[in-house]
Amino acid sequence: METMNIVVLIKQVPDTWSERKLTDTDHTLDRDAADAVIDEINERAVEEALLLKEAHGGKVTVVSMGPDRATDAIRKALSMGADEAVHISDAALHGSDTIQTAKVLASAIRTIEGVDLVVAGNEATDGRAGAIPAMLAELLGLPQLTHARRVEVEGTEVRVERETEDGITHLAAELPAVVSVGEKINEPRYPSFKGIMAAKKKPVTTLGLGDLGIDPSEVGLAAAFTSVVESAPKPPRGAGERVEDQGDGGVRIVEYLAAQKLV
Amino acid sequence: MSEVLVLVDHVDGAVRKSTLELLTAARRLGEPSAVVVGAPGTSAKIRESLAGHGAAKVYVVESDTATDLLVTPQVDALALLAERTSPAAVLVSATAEGKEIAGRVALRTGSGWLVDVDDIAADGVATQSVFGGAYVVKSKVTTGTPVITVRPGAIDAEAAEGAATEEAVEVPVAEASKPVRVTGREPVVAGDRPELSEASVVVSGGRGVGSADSFSVVEELADALGGAVGASRAAVDSGYYPGQFQVGQTGKTVSPQLYVALGISGAIQHRAGMQTSKTIVAVNKDPEAPIFEIADFGVVGDLFTVAPQLSQEVAKRRG
Ligand SMILES: Cc1cc2nc3c(=O)[nH]c(=O)nc-3n(C[C@H](O)[C@H](O)[C@H](O)COP(=O)(O)OP(=O)(O)OC[C@H]3O[C@@H](n4cnc5c(N)ncnc54)[C@H](O)[C@@H]3O)c2cc1C
């Protein structure tokens, strides 16, 4: 491997499908919580791409799909050190589901020549099920090395330590490949002042569906392969009984559990 | 009645409980066909427990390479069988690997996919709980063969007689997908405690536990209740307990019958992983701790006196 041509996927927040569910009520707290998680995993994906670039030389291109405010996340990645960005933005994408999202991202990645590695966050917590990287591997016909807590490239081989509830699995494949990183992969760097200034001059290409050769009727809510029959906010869980421990706290809990037939 | 394909999740020659839950759900939709992908001899070891949960058929997809590859053997098998049998649905456990398999099967078969489902009705309408339980959504697949990933522990497994007739299936390797080699496995050593996302009781400790050593207080209570141990992110970050036990937005989502929170404040990101638990009990010395807002029963007190007493009382009752 001479140098590496790396694509990092950056997820927009919150994902459009969930947004639709949230508009009629005030669930701002949940949304903030979701934002924080996604920012965090995005940055870890960018960090890992930058580490690989630093070790092997090459280029890091950020790819992101989402509305205009997506640019914040793109700028952040560029100020951390990514070289350029592709922003897929099209009103018709609103409400796209996981399958459509994967297809659009795959088309965008195909516009970039000679990609060696696609890096994504594992997105385990945001309704996209953490399966987008696997789905990209399917669509691009690339090996899938996902949920990585460690990534290593040597020559033309990529090796990953995959961590899931099943334990650790050691994986290896020839490049090009798709990798997704988990929470433990690294500590993302902070953008430097110089980085922030430099980011302003880095190229961001905006692509619409037309540029990707995708018919608008194939994406968005109307084209989804699933449909919502009904949705309702769950009544918030109320506080139950609360007692002060008077030396009998444990006993009180057992009595409560016994009354609930839980012991 | 149409078939319902159920991907069998197995480890060391045993079926995971979540698979038995899938078989139970499958019976509502049609006739369950278990799909066993694994090394030669796998099906022989697990056929009986599949039969005991209503599997009418067992598709045996065994090969020497099945365990050397990641997810693609399962994807190849399910996609092939989905085409061949036009099933009412394809059910897979909503684990990290299960979701990767399901997503790829949905793409390959041009089908809709419902993720993290908690319940399925006979008409195929699936219930999902989104945003850490803040919303309940009912959806159905409108295109292709419904691919549905069901959260482990969400549906109670029920025993039922099934013929479990074995049928060997030869799956040609899909050429499009380049292989990933599995060069080693370090499975999570299943201790004596139940698996976190499957347990009916979870006892979690937070920063309030104070040290790795004192986590034994949490473990003792979990053992007394026959439950799994969980931890908050603060507890994990402080090195009190390993990361695989983290509950919350960036950890596991659990919804046991009983969740006990010891020394956990109840931050929104923690709640996201546990607030769909049936019953929540909290012990915290701060009466203002937000965990009390969602606890069914709360004790304001020191966990180091309350939890050991609770463990003892439970042990007494269990005789
Ligand atoms: C992006 C992101 C993702 C996150 N993901 C998660 C996640 O997945 N899971 C998660 O848990 N958190 C997550 N967090 C962190 C979360 O915001 C909280 O910081 C964390 O849950 C706090 O853990 P804690 O309750 O153990 O600690 P604290 O908030 O410090 O609470 C400790 C509690 O222990 C009590 N206490 C202390 N001593 C005792 C005693 N002797 N007896 C009884 N009570 C005692 C205190 O009163 C206090 O309420 C995430 C945060 C972010 C930003």
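The values are calculated or read from the model by the stated rules, or taken from the named source; none is laboratory data. On a predicted model such as this, the values are computed, not experimentally measured, just so you know. Heads up, the Cβs are rebuilt from the backbone with ideal geometry, glycines too, and the neighbour counts pull from every protein chain shown. Only protein heavy atoms, including side chains, enter the accessible area calculation; ligands, DNA and RNA are left aside. Shrake-Rupley method; radii C 1.70, N 1.55, O 1.52, S 1.80 Å.
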Inset, instruction - Treating the Cα atoms of the protein assembly as shown as identical point scatterers in vacuum, please give the log10 of the normalised Debye intensity I(q)/I(0) at q = 0.05, 0.13 Å⁻¹, two decimals. - result: -0.21, -1.41
Legend entry - Most fluctuating residue given options A:His87, A:His170, A:His147, as computed from a GNM of chain A linking Cα atoms under 10 Å: A:His170
Inset, instruction - Mind running the shape call on chain B? Use the C-alpha gyration tensor, a ≥ b ≥ c as the square roots of the eigenvalues: rounded below 1.5 for a/c, prolate if a/b tops b/c, oblate otherwise. - result: prolate
Inset, instruction - Provide the FRET efficiency to the nearest 0.05 for the B:Asp192-B:Lys278 pair, computing r from the beta carbons and using R0 = 25 Å. - result: 0.60
Inset, instruction - Show A:Lys11, B:Lys45 ordered by accessible area, largest first, where the area counts protein heavy atoms only and the probe is 1.4 Å. - result: B:Lys45, A:Lys11
Inset, instruction - Report Rg (one decimal) and Dmax (nearest whole number) for the range B:153-238, counting Cα atoms only, units Å. - result: 20.4, 55
Legend entry - For the range A:99-217: rounded, prolate or oblate by the Cα gyration tensor [a/c cutoff 1.5]: oblate
Legend entry - Net charge of neighbours whose Cβ lies under 15 Å from the Cβ of A:Asp245, counting Lys and Arg as +1 and Asp and Glu as -1: -4
Inset, instruction - Pop the C-beta distance of A:Phe193 and A:Glu40 into the FRET formula with R0 = 22 Å and round what comes out to the nearest 0.05. - result: 0.50
Legend entry - Share of alpha-carbon pairs per 10 Å distance bin for chain A, given as whole %: 6, 27, 30, 18, 9, 7, 2, 0
Legend entry - Accessible surface, chain A, averaged per residue in Å² (probe 1.4 Å): 42 Å²
Legend entry - Ranking by accessible area, most exposed first, for A:Arg237, B:Arg317 with a 1.4 Å probe: B:Arg317, A:Arg237
Legend entry - Cubic angstrom per residue, convex hull over Cα atoms of the range B:3-177: 104 Å³
Inset, instruction - State the Cα centre-to-centre distance between the range A:53-89 and the range A:132-200 in whole Å. - result: 15 Å
Legend entry - 9 Å beta-carbon shell around A:Val62, net charge (K/R +1, D/E -1): -2
Inset, instruction - Enter the Cα centre distance for the pair the range B:13-76 and the range B:257-319, rounded to the nearest angstrom. - result: 37 Å
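Could you give the Stokes-Einstein D for the range B:18-113 in µm² per second, using the C-alpha Kirkwood radius, 20 °C, 1.002 mPa s?
Using the Kirkwood radius from Cα pairs, D works out to 157 µm²/s.
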Inset, instruction - Report, in deg cm²/dmol and to the nearest 500, the calculated mean residue ellipticity at 222 nm for the protein assembly as shown, where each DSSP H run with n ≥ 4 adds -39500 (n - 2.57) and the sum is divided by the residue count. - result: -9000 deg cm²/dmol
Inset, instruction - Treating the Cα atoms of the range B:178-319 as identical point scatterers in vacuum, please give the log10 of the normalised Debye intensity I(q)/I(0) at q = 0.10, 0.11, 0.13, 0.15 Å⁻¹, two decimals. - result: -0.32, -0.38, -0.51, -0.67
Inset, instruction - Taking 7 Å along the Cα-to-C-beta vector as the label spot, tell me the A:Lys184-B:Met1 distance in nanometres, rounded to one decimal. - result: 4.3 nm
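Where in chain A are the DSSP H helices whose alpha-carbon span along the long axis reaches 20 Å or more and whose Kyte-Doolittle mean is at least -0.5?
A:28-56
Restricting to Cα pairs below 8 Å that are 6+ residues apart, what does the relative contact order work out to for chain B? Please round to a whole percent.
About 15 percent, as a whole number.
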Inset, instruction - Whenever you get a sec, compute what percent of the accessible area on chain A sits on carbon and sulfur atoms (1.4 Å probe). - result: 50 percent
